[in-house]
Amino acid sequence: MTTPPADEPNWLDTMRSELERYRNEHDEDVFTLSELYTFSERRLENRFPDNDHVRAKIRQQLQRLRDHDEVEFLDDRGTYRIVIDE
């Protein structure tokens, strides 16, 4: 597996930025998956034009962030809490 160039965006850092942007614009740490799709999907599609499955990638990255204790899953209806330090 090759490492992308340093100037190439990576999904995990980009999702961290999206969650920080969401928090700042909504003054809220809790969001639903649907709200995040509405907020971020188009921007992520533009940032990663070769990815044809942006929604699946968003869910995958939320799981990774959960594993890093940066996002908390609140329920199985798609509600999350951002726990990344500001």
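Derivation of every value follows stated rules applied to the coordinates shown; laboratory data play no part. Source: prediction; values computed, not measured. Every residue, glycine among them, receives a Cβ derived from its backbone with ideal geometry; neighbour counts consider all protein chains shown.
Values for this structure:
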read-out	value
Net charge dipole size for the chain [Lys, Arg +1 and Asp, Glu -1 on Cβ; Debye, nearest 20]	320 debye
In range of the label at GLU41: residues from region 56-78 whose backbone nitrogen is under 18 Å from the point 7 Å along Cα→Cβ	56-63, 77-78
Efficiency of FRET between HIS53 and GLU20 - r from beta-carbon atoms, R0 22 angstrom, step 0.05	0.40
Full-stretch length increase - ASP13, LEU33 - with 0.36 nm per residue and alpha-carbon distance subtracted	5.4 nm
0 to 90° range, to nearest 10: angle between helix 11-26 axis and the chain longest Cα axis	40 degrees
Crossing angle, helix 54-67 versus the chain [Cα axis fit, 0-90 degrees, rounded to tens]	70 degrees
Of PHE31, GLN61, SER17, farthest towards positive along the dipole that unit charges on Lys, Arg, Asp, Glu beta carbons give the chain	GLN61
Range of Cα positions in region 11-82 per principal axis (Å), largest first	31, 24, 21
